[in-house]
1. What's the total number of residues in segment 227-239 that are more than 23 Å from GLU186 (Cα to Cα) and surrounded by fewer than 19 Cβ atoms within 10 Å (Cβ to Cβ)?
2. Say we look at segment 246-303 and pick out the residues that are surrounded by fewer than 17 Cβ atoms within 10 Å (Cβ to Cβ) and of a type in the set (Gly, Ala, Ser); which of these is nearest to LYS233 (Cα to Cα)?
3. Can ASN206 be described as away from the ligand (no atom under 16 Å from the Cβ) and over 30 Å from LEU135 (Cβ atoms)?
4. So which of PRO270, PRO261, PRO243 ends up being in contact with a strand residue (DSSP E or B) (Cβ under 7 Å, 6 or more places away or on another chain) and without any contact (Cβ under 8 Å) to a residue 40 or more places away in the chain?
5. All but one of (1) within 16 Å of the ligand (Cβ to nearest atom); (2) at pLDDT 95 or above; (3) of a type outside the set (Val, Ile, Thr) hold for ASN105; which doesn't?
6. Looking only at segment 1-26, how many residues end up being among the aliphatic types (A, V, I, L, M) and part of a loop (DSSP other than H, G, I, E, B)?
7. Return only the number of the condition from (1) within 13 Å of the ligand (Cβ to nearest atom); (2) surrounded by fewer than 18 Cβ atoms within 10 Å (Cβ to Cβ) that ARG162 does not satisfy.
8. Considering only segment 91-146, give the helices (runs of 4 or more DSSP H) lying wholly within it that have at least 1 residues that are more than 25 Å from the chain's Cα centre (by Cα).
Amino acid sequence: MLFAYTYVSHAMEKMQAFINFIFFEVWCNAPIGLPFSLDLFETEPDLREVLSAFGFAANAPKLGKQFYKDIKAIYELFAPLTPEQVDQLKQWYQANNEIEKVCANDPKVKIARYVDIADIHPDLSEQLASFFKGLYSQQLLDLAALREKIGQLDKHYEEFMRANTTGKCPFCGLGDIKGVHHTRREAYDHYLPKALYPFNSINFRNLAPACHECNSTYKHSKDPARNKAGRRKAFYPYTTDFPGIEITIDLNNPDIDRLTPADIQLTFGPAAVHEEIETWKEVYGIDERYKAKCCDGDAKDWLEQFRILRDASGFTPNNYLDTIQQQTAKAPVANSNFLKLAFLKGCQRAGLLDAIAKEGGLVMTLCPRLYERYVKYEQSHWRSASKLRIIASFMCGISVPARTGSGHANWKRKNHERSE
Ligand SMILES: [Zn+2]
């Protein structure tokens, strides 16, 4: 993860409050033996109204009817449970909703997947899956009776994006995230997948917009909280204490045109969050995606930008790296700056930037007198200097860098030259 999202409170959190009520006040009290009716919802009048519309209105929508039926069916499955069994389910419900503690792999928080519940209550596990997997459905949430009470998911997204303005996906740092100027939105990823975990499918601490590549190509229903070896730590998308990620790229092959992922070595830090980093890399295919980016056209363009600045403004490798460093400090995920900087530093260690700097320097070696005249003239007679540069380029077949000094002035001169 490259950065953490800012959590945004919204009316839609009321849906989770409804679910909490249904679980603790209705289902967990089913063993008392009262028949299922709207009377059970008396102390939560808004929810009672919704269920009245879904369960009893003549024109109740299909999804609304299903919502009501599922709640009733689960109530009946809770009815024969012992107090110990109910306590176990309460503990699982609470644990599955403590998303930050789950991510930290807090040993006191014992989470449960559908398979864990199925070991003891197969019918209940199946019925809970039917209910919780269908809960996060735009069609259900948009039903008028519910929408009146909880607002709209699209509005939540809009407010979320007003508070989170990088325009990039925090899980890869590469993909764009649609913002307030788009009429469409990104899908919310269920960080703990709704296909595996009951109880948290409408908990907004477990919902985070992600780019299409992260959500649909790489993560799917991979489990950040567990791998084959068991429980593990993961970054929490809404942490207020994100340590930042350090990336080092080393190139085993200085031939940029023939660079393959096997030539690239990626190292991540800080060591204090090693386990979280390993989880992140595995869940989002980070190694593969970052290495591919370093082998494709973008990375070649990063080097080409150095050639342009070398020729236009006399940039040295250090000038160029300083500039990228400043850009990265200001906006780490804009234009993949974080990766660009790590890649270019790797290029410098592999001698690539010095080699590019020398491409221009060759003219100075081959035509020292010409270069001397060019330097002399450039300070006061830029037009003549430009002509000399063109002659030198023609003679040697290599571009001559402009003299160092004011880069902006050089650009201005170049543009002026073109407009004449
Ligand atoms: Zn992404």
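The values are calculated or read from the model by the stated rules, or taken from the named source; none is laboratory data. Predicted model only: the values in this text are computed from it and were never measured. No Cβ is skipped: glycine too gets one built from the backbone with ideal geometry, and neighbour counts run over all protein chains shown.
1. 6
2. ALA272
3. So ASN206 fails the test.
4. Exactly one of PRO270, PRO261, PRO243 is in contact with a strand residue (DSSP E or B) (Cβ under 7 Å, 6 or more places away or on another chain) and without any contact (Cβ under 8 Å) to a residue 40 or more places away in the chain, namely PRO270.
5. Looking at each condition in turn, ASN105 falls short on (1).
6. Of the residues in that region, 6 qualify.
7. (1)
8. Those helices (runs of 4 or more DSSP H) span 114-120, 122-135, 138-141.
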